[in-house]
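S.K.: Structure below; questions to follow.
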Amino acid sequence: MAYPGYGGGFGNFSIQVPGIQMGEPVPETGPAVLLDEYCGFPAFSDAYSSAGDSVYTYFSAVAGQDGELDAEELQRCLTQSGISGTYSPFSLETCRIMIAMLDRDYTGKLGFREFKELWAALNAWKQNFMTVDQDGSGTVEHHELRQAIGLMGYRLSPQTITTIVKRYSKNGRIFFDDYVACCVKLRALTDFFRKRDHLQQGSVNFMYDDFLQGTMAI
């Protein structure tokens, strides 16, 4: 069975961020970060050195003594880095769910490795956003969001796309911060579901508490 959102099985599709070939460095992420075949979300290489890395400079300038970023520190770090470009800085709520998506040790913070993954993802999502924003309005509309989600490898029903637009749009338009929040939640919830769909059939039985833990964290 083709799993919705993963185009023919878990990870068996190829994601093409426009202008970037699979295995090429994502812009502004450095040579260690490569696009992976996972919903447009770049993979992180262990072969990494912080020497001369501007991303590490942004991280270390804000990280506390514990060497990690909480939501407020992450917001400040991303704002100072200018990764949003001409778009509005990320909201505190978006930064919270960014942490939830990658916080594998459940500290409520991001270490540098996790931050590096986030940086790569944000650049890929930004490239995707700019590509589908065909009229250069700085927002995406219903048909543009449908295209963007398709480029990331998700296969969602028209009803689901409409639900997403209603949730994240303002007067029918989705701004970059909300677009990233949508990408984060879509990726995190799909991953949560995927890990429990052992037969890859697109169907899972949840315990109520497990369901709440997975969804309330995002």
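S.K.: Of E93, E72, which residue is modelled with pLDDT of 95 or more, over 19 Å from K126 (Cβ atoms), open to solvent by 80 Å² or more (accessible area, probe 1.4 Å) and out of contact with any Lys or Arg (no Cβ under 8 Å at 6 or more places or on another chain)?
M.R.: Selected residue: E72, the only one of E93, E72 that is modelled with pLDDT of 95 or more, over 19 Å from K126 (Cβ atoms), open to solvent by 80 Å² or more (accessible area, probe 1.4 Å) and out of contact with any Lys or Arg (no Cβ under 8 Å at 6 or more places or on another chain).
S.K.: Could you say which residue among Q65, Q127 is part of a helix (DSSP H, G or I), open to solvent by 20 Å² or more (accessible area, probe 1.4 Å) and either farther than 18 Å from D177 by Cα or in contact (Cβ under 8 Å) with a residue 60 or more places away in the chain (or both)?
M.R.: None of the other options fit; the residue is Q127.
S.K.: Being open to solvent by 20 Å² or more (accessible area, probe 1.4 Å), within 25 Å of A217 (Cβ to Cβ), charged (D, E, K, R) and touching a residue at least 12 places away in the same chain (Cβ under 8 Å): is that true of R104 here?
M.R.: no
Conditions tested, residue by residue: (1) farther than 20 Å from A124 by Cβ; (2) without any contact (Cβ under 8 Å) to a residue 12 or more places away in the chain; (3) open to solvent by 40 Å² or more (accessible area, probe 1.4 Å); (4) among the aliphatic types (A, V, I, L, M).
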site: V140; (1), (2), (3), (4): no, no, no, yes
site: G153; (1), (2), (3), (4): no, no, no, no
site: T162; (1), (2), (3), (4): yes, no, yes, no
site: R167; (1), (2), (3), (4): yes, no, yes, no
site: F176; (1), (2), (3), (4): no, no, no, no
site: L189; (1), (2), (3), (4): no, no, yes, yes
site: Q200; (1), (2), (3), (4): yes, no, yes, no
site: S203; (1), (2), (3), (4): yes, yes, yes, no
site: F206; (1), (2), (3), (4): yes, yes, yes, no
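The values are calculated or read from the model by the stated rules, or taken from the named source; none is laboratory data. For clarity, every value in this text was computed on a predicted model and none was experimentally measured. Neighbour counts are summed over all protein chains in view; Cβ atoms, including those assigned to glycine, are modelled from backbone coordinates with ideal geometry. Accessible surface areas use protein heavy atoms only, side chains included; no ligands, DNA or RNA. Shrake-Rupley method; radii C 1.70, N 1.55, O 1.52, S 1.80 Å.
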